[in-house]
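The values are calculated or read from the model by the stated rules, or taken from the named source; none is laboratory data. Please read these numbers as outputs of a predicted model, since none were measured by experiment. Note that each Cβ is placed from the backbone with ideal geometry, even for glycine, and that neighbours are counted across all protein chains shown. Ligands, DNA and RNA are excluded from the accessible area calculation, which covers all protein heavy atoms including side chains. Shrake-Rupley method; radii C 1.70, N 1.55, O 1.52, S 1.80 Å.
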Amino acid sequence: MSWAAAVLTLFPEMFPGPLDVSLIGKARQKRLWSLEVRDIREHGLGRHRTVDDTPAGGGPGMVMRADVASAAIDAVARDGRALIYLSPRGAPLTQARVGRLSEGPGAILLCGRFEGLDQRVLEARDIEEISIGDFVLAGGEIAAMALIEAVVRLLPGVLGAEASPVEESFSRGLLEYPQYTRPQDFEGRPIPEVLLGGNHAEIAKWRRQASENLTKSRRPDLWTKAEG
Ligand code: SAH
């Protein structure tokens, strides 16, 4: 059984978009994962297939209707999958959550637009809210793509053996050490000596130290957690 993503969106033409290139795209051809894209507007109301309305209590913009969003959700078979609304108010997406999602059967991803979604559908369908960062996008589509891409690269068979996800940033709660390749001298900057010596224990020690230093200086929040 391959990992199954379903995306509910008002802009289905955005998909698969960037999810169709490189390793992620090839993995879909190999059926390591699948993508079902559903147009929320199919559940819109009336001749104009209306999906939104003005916010109760006033204010700018439009809000996606609970009845329309729930109809779109209910039309997709759940199949034990995570049900997620991409939202700036959600829990920040972490590599740990991505890893757990990759071990499950898939995810149903609801993409908002406008001012967001009627609160009642989030409660009535017990929807998990996930944010991809402390900034506001115009819609949930790019956030859904980011989540899918992060999950799919962890699925067995997607990355080549040489591109192991075990060592990289966040996998041990640390940022990844700096990488170098040829030329040995770039504008007067040499590659650190130890990396050219072939002493694997020394290299591992240098990388570990570099990871720790980077994490301490750039992400003290992660460092506090890694230590604890
Ligand atoms: N007024 C809302 C923002 C709406 S942005 C608020 O302040 O919470 C429109 C849509 O973009 C949202 O419904 C959501 O699906 C998506 N979106 C915006 N920023 C996001 C983020 N950081 N992470 C995930 N989804 C986001």
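Where helices (runs of 4 or more DSSP H) fall entirely within region 1-113, those with at least 2 residues that are farther than 21 Å from residue 127 by Cα and open to solvent by 70 Å² or more (accessible area, probe 1.4 Å) are at 22-29. Being of a type in the set (Gly, Ala, Ser), free of Cβ contacts under 8 Å to residues at least 40 places away in the same chain and more than 20 Å from residue 149 (Cβ to Cβ) narrows it down to one of 25, 57, so name that one. Within the list 25, 57, the selection yields 57. The set of residues in region 138-157 that are touching a strand residue (DSSP E or B) at 6+ places or on another chain (Cβ under 8 Å) and either open to solvent by less than 10 Å² (accessible area, probe 1.4 Å) or under 10 Å from residue 86 (Cα atoms) (or both) comprises 139, 140, 141, 143, 144, 147, 148, 151, 152. When region 123-132 is examined, which residues are found to be touching a strand residue (DSSP E or B) at 6+ places or on another chain (Cβ under 6 Å) and within 22 Å of residue 79 (Cα to Cα)? If the condition is that a residue be touching a strand residue (DSSP E or B) at 6+ places or on another chain (Cβ under 6 Å) and within 22 Å of residue 79 (Cα to Cα), then 127, 128, 129, 130 are the ones that fit. Within region 114-137, the residues that satisfy the criterion of being more than 11 Å from the chain's Cα centre (by Cα), surrounded by 13 or more Cβ atoms within 10 Å (Cβ to Cβ) and outside any helix (DSSP H, G or I) are 114, 115, 116, 117, 118, 125, 127, 128, 129, 137.
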